[in-house]
Amino acid sequence: MSTPESQHEQILVAAAQADPERFLELYDRHFHRVWAYVIHRARNREDAEDITSEAFRRALENIAGYESRGAPFLAWLLRIAANLLADRWQQTSKGSGDPPPEIAGLDEDVELRGMLFQLVDRLPETQRRVIELRYVEQRSLSEIAVMLGKTEGAVKQLQRRALEFLREQWEARHA
């Protein structure tokens, strides 16, 4: 099922494939999600910055060969980031005995996250912003209320409605 959002994304990808300078639109659209994925798995902020930057550099280098195959563009970006995380772990942990980052079941994880992010994109703007602030940036309800100029109760309501919508849509896709 192709949504207006996924069609818009396909247009952005095609534009970037024709003119790499247009990749900036994809970068702006997906930076926070790739960053959130990496920061929760990297050893430190410096590694997260390096890996996120490298993921987008590689994506730009390889945009001409990108094919959708039904998965969202974000899933491709997350796959690149996951591979970089695994590479970084291999390079830095030889002989250290440190456990690898969370990379078990990565293909499924990347696909599921991609689908979830597509659903979040379909939320009304304010609800989407509440979900991003709460679950990506991990802000408190009071911080979000101040940022959005709303009461905490209003933010809770927006969050509840957004989560109900996401749950309904998720269940409909996986029924």
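Read-outs throughout are calculated quantities, based only on the coordinates presented, and are distinct from any laboratory measurement. Keep in mind the model is a prediction, meaning the values are calculated, not measured. Neighbour counts run over all protein chains shown; Cβ positions are idealised from the backbone, glycine included.
So the values come out like this:
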item: Proportion of all alpha-carbon pairs of segment 123-175 beyond 19 Å (%); result: 25 percent
item: Packing-based ranking, highest mean first, of 160-170, 77-87 given that Cβ atoms within 10 Å are counted; result: 77-87, 160-170
item: Efficiency of FRET between E164 and R69 - r from beta-carbon atoms, R0 35 angstrom, step 0.05; result: 0.70
item: Efficiency of FRET between S142 and R57 - r from beta-carbon atoms, R0 35 angstrom, step 0.05; result: 0.40
